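Notes for the one structure printed next.
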Amino acid sequence: MSKKVLIVGGVAGGATAAARLRRLDENAEIIMFEKGDYISYANCGLPYYIGDTIKDKEKLTLQTPQTFKQRFNVDVRIGSEVVAIDKAAKAVTVKTTDGRNYVETYDSLILSPGAEPFVPKIEGASNENVFILRNIPDTYKIKDFCNKSKPKSAVVVGAGYIGIEMAENLHSLGINVTIVEMADHAVGPLDYDMACEIHGHIQSKGVELILNKALSDIKVINGQTVVVLADNSHIPADLVIMSIGVKPETSLAKDADIQLNPRGSIIVNENMLTSDPNIYAVGDAIEVIDFNTGKPAFIPLAGPANKQGRIAADNICGTKSKYTGTQGSAILKCFDMTVAITGMNERQAIAEGINYEKSFTFSGSHAGYYPGSTFMSIKLIFEKTNGKVLGAQVTGYDGVDKRCDVIATAIRAGMTVDELADLELCYAPPFSSAKDPVNMAAYVAQNLINGNSKVFHWNEVEKLDLDKATLLDTRTVEEFENGTIPGSINIPVDDVRERVGEIDKSKPVYVFCRIGLRGYVTCRILTQLGFDAINLSGGYRLWETIFIHKPMPKSNTFAEAIKEEHLMDLSEKSISKPAVSLKLDTCGLQCPGPILKVYSSINELGVGDVLEVSATDPAFAVDIQAWCKRTGNILLESTQSGGILTVRVQKGVPQDPTNCASGHCDKKNIIVFSGDLDKAIASFIIANGAAAMGRKVQMFFTFWGLNMLRKSQNVKTKKNLIERMFGFMMPRGSKKLALSNMNMMGMGAAMIRGIMKHKNIDSLESLIQLALDNGVELVACNMTMDIMGIKKEELIEGVQFGGVASMLANAEESDMSLFI
Ligand code: FAD
């Protein structure tokens, strides 16, 4: 005899179960009850219909009762609410929207009633402009309201997945949106530090994000709806969305005495069977086993609901499929950013008493030299003792989903960070880097586990006692001057060996750079010199994201942009948007690459011309503001989309940096004495940085430093024997320079060049050319040329010649002289 299966709920879990049942058993009688009018609809797509991204409402309803009947021969009964279950009689009572009540018997029953939104018990929650979003009718209500009432302002209560999706979609309709969240961060499953990565982004879109404040009431004052918060602040809103979470919809199961947990979720075994041997339950209504902790949990997600529907059908048809737990892999489009999470977060690791560690990495979505590369942050959580991967949070733009999915797979497979590092992932420049961001995260984690690297975290910075410890910023002078952690000293990584004497060896040295890589290199140098060196995980970038909380520049219109405090104080009337004269693409370049390119490009323009620059280096957002301020150029506009920041800079009247009377006695004087590759690179980075800031720079090359200005090819000149010997023994040109330390017969120098290439940092040769292009004066010391027998024609084009007097004259006009 054929079996008869009834299903309660016709969307994710219910519809999947019905389809699977039919595929397994052509003879079964299957009836699916849905109390609403729609089945198998795309609830995950509902916010995007409201925001007009999905324009055709038909696309939301994947199936109709008719198509479902035709394809799967399932008797779909919409407008039919199951109101009671008689377990003994194996029958349900159904109430239809036209007022009928009837009984239907079953051999097996599947419950997939889902979860319903929490609605706080406050007076105004039922006002006509206050909405929840669960299903298609809710969606149409919101859409109709927007179309008819044209709301100008909206408050979204709750910054979870649905709240943020709704905020984005209402914002895209031109509505002024405020998000209110009672926790200290958005997207609950994220940790606070990773959520900070998106707070600024949300604000940059012009959406106000209010954290740490709970909703207390919704009132109507003088005809205006006002959202009242716990601190009694009032936010006027034409439209309110309540998205403060969901709870299992299980009153039917409760009334039938099916076992529930204290939170009201239906308890099932691994075969999705409830406490009744003929009743299965799936989806948001059930308690799942958290795959990460092995403990019961409530994790309402579409993927698990679909899997569970399939498993229930398998078991009814005799296949003993098992559900192995929910891991919490989830992803969110947050305006231009992507936020993905899988496995345990840090709060769970702490609650579970796990001895864990975490790594923060910041990587390009693909090779920086291939256009369109954007950056992503990965927080990897793993067991300290054995390296088992516990969880990951990834924020960024392109490729975030792929990296989080790889780690999700690793967690399912019980892999360790060593195994994650071993993963061979697809690579070609448009898609990834030879060291994929997942591999990079694993390498950093490996270093932490095997003791190659000691780290401290952003929340430990303020606890440092700087009388007993040194805080060392190893970024460039320019980066340091643009902002640093209070109390730190600055020794750029390339100078550390030379200036190690400035660091107190008796104290631990807390090192940081921008993202952690230069800090790691510095720590390795210092540790091997006997220091106790500890690197800031995630670097200054993460610290700044959390503490300085700088929102990225708003996606301003031109008129809005000029009102910003940091921009020109112009009267709106006098403004007409000037055309772009030159476009510059610096995407993929890291600091200070973009700013150097801006400098050289603006030199090609006349006063009033506009340069449009696109960049993916997040530091550029701040750098360009500082640069414009210092150089007298005007930042007209900044927009951000898909991880690419586009700014428009209008060339201003150049300031005269040498005008001492006006206090601008700020030339830079660099004496390059050393012929070591690392010192040469550092000299040229500093020189180019200063030139980019509009400063006049003179580099005076003397003794061994002069060699880097030699042409690499042999130039025939008249020389005596000694001069010929000198010429033969000394490096001919920049390509022949060796490292001051760890040169290892030239391997070290080759490695540094390789790393620079990989990191998109200009080579020494390019830096020299850039310096010439940027107007840096390269002066060869006449005396050294004489002693060593170096002739003018042996030096590269563009070099000037001078003696110590010209160097000293320049030094007198300078506010900085370096001897490198
Ligand atoms: P549902 O899909 O909610 O289906 C339950 C159905 O049962 C409902 O239609 C209800 O009317 C019906 N029902 C209830 N009681 C009865 C009864 N007594 N008789 C008859 N019918 C009944 N998850 C993700 O993983 N990713 C996302 O991007 C995502 N986005 C979402 C966006 C929105 C706006 C919403 C609302 C949810 C989103 N979710 C997302 C969650 C996901 O939709 C749910 O996890 C999933 O739908 C749960 O499936 P379910 O079958 O348990 O419940």
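The values are calculated or read from the model by the stated rules, or taken from the named source; none is laboratory data. Nothing here was measured: the structure is a model prediction, and the numbers come from that model. Positions of Cβ are backbone-derived with ideal geometry, glycine not excepted, and every protein chain shown enters the neighbour counts. The protein model used for the area step is the full one, side chains on, heavy atoms only, and it has no ligands, DNA or RNA in it. Shrake-Rupley method; radii C 1.70, N 1.55, O 1.52, S 1.80 Å.
Applying the selection to region 696-718, what residues are in a helix (DSSP H, G or I), touching a residue at least 40 places away in the same chain (Cβ under 8 Å) and open to solvent by less than 40 Å² (accessible area, probe 1.4 Å)? G705, L706, M708, L709, listed by residue number. N176 meets the conditions (1) within 16 Å of the ligand (Cβ to nearest atom); (2) more than 22 Å from C44 (Cα to Cα) in every case but one. The failed one is (1).
Kindly establish whether I289 is within 16 Å of the ligand (Cβ to nearest atom) and modelled with pLDDT of 95 or more. It is false that I289 is within 16 Å of the ligand (Cβ to nearest atom) and modelled with pLDDT of 95 or more. Answer with yes or no whether N43 is assigned by TED's automatic domain parsing to the domain that holds A281, within 15 Å of the ligand (Cβ to nearest atom) and over 33 Å from the mean Cα position of the chain (by Cα). So N43 does not fit the description; no. Per the listing A89, A17, A125, the residue uniquely of a type outside the set (K, R), assigned to a loop (DSSP other than H, G, I, E, B) and either more than 9 Å from the ligand (Cβ to nearest atom) or buried (at least 16 other Cβ atoms within 10 Å of the Cβ) (or both) is A89. Of all residues in region 222-241, those satisfying the criterion of being open to solvent by 70 Å² or more (accessible area, probe 1.4 Å) and either of a type in the set (A, V, I, L, M) or outside any strand (DSSP E or B) (or both) are N222, G223, A230, D231, N232.
The residues of region 26-47 that are open to solvent by less than 40 Å² (accessible area, probe 1.4 Å) and in contact with a helix residue (DSSP H, G or I) (Cβ under 8 Å, 6 or more places away or on another chain), listed by number, are A28, I30, M32, E34, G36, I39, S40, Y41, A42, G45, L46, P47.
Applying the criterion of being surrounded by 17 or more Cβ atoms within 10 Å (Cβ to Cβ) and assigned to a strand (DSSP E or B) to the residues of region 248-283, the residue that is farthest from the ligand (Cβ to nearest atom) is L273. Scanning region 48-78 for residues that are part of a strand (DSSP E or B) and under 42 Å from the mean Cα position of the chain (by Cα), we see that the one that is surrounded by the most Cβ atoms within 10 Å (Cβ to Cβ) is Q63. Considering every residue within region 487-496, establish whether at least one is of a type in the set (V, I, T) and assigned to a helix (DSSP H, G or I). Yes, there is a match, as at least one residue in region 487-496 is of a type in the set (V, I, T) and assigned to a helix (DSSP H, G or I). The number of residues in region 735-782 being part of a helix (DSSP H, G or I) and either surrounded by 16 or more Cβ atoms within 10 Å (Cβ to Cβ) or at negative phi (or both) comes to 25. I need the full set of residues from region 290-307 which are part of a helix (DSSP H, G or I) and open to solvent by 50 Å² or more (accessible area, probe 1.4 Å), in order please. If the condition is that a residue be part of a helix (DSSP H, G or I) and open to solvent by 50 Å² or more (accessible area, probe 1.4 Å), then N306, K307 are the ones that fit.
One residue alone among I78, I132, I136 is near the ligand (Cβ under 10 Å from one of its atoms), in the same structural domain as G36 (by TED's automatic domain parsing), in contact (Cβ under 8 Å) with a residue 60 or more places away in the chain and hydrophobic (A, V, I, L, M, F, W, C), and that residue is I78.
Among the residues of region 100-122, those that are away from the ligand (no atom under 16 Å from the Cβ), over 15 Å from A312 (Cα atoms) and open to solvent by less than 60 Å² (accessible area, probe 1.4 Å) comprise P120, I122.
Inspection of region 719-727 identifies at least one residue that is in contact with a helix residue (DSSP H, G or I) (Cβ under 8 Å, 6 or more places away or on another chain), open to solvent by 40 Å² or more (accessible area, probe 1.4 Å), closer than 19 Å to C781 by Cβ and not assigned by TED's automatic domain parsing to the domain that holds F480.
Would you confirm whether or not region 1-10 contains a residue that is touching a Pro at 6+ places or on another chain (Cβ under 6 Å) and near the ligand (Cβ under 9 Å from one of its atoms)? The answer is yes, given that some residue of region 1-10 is touching a Pro at 6+ places or on another chain (Cβ under 6 Å) and near the ligand (Cβ under 9 Å from one of its atoms). R403 meets the conditions (1) within 16 Å of the ligand (Cβ to nearest atom); (2) open to solvent by less than 30 Å² (accessible area, probe 1.4 Å); (3) over 25 Å from D585 (Cα atoms) in every case but one. The failed one is (1).
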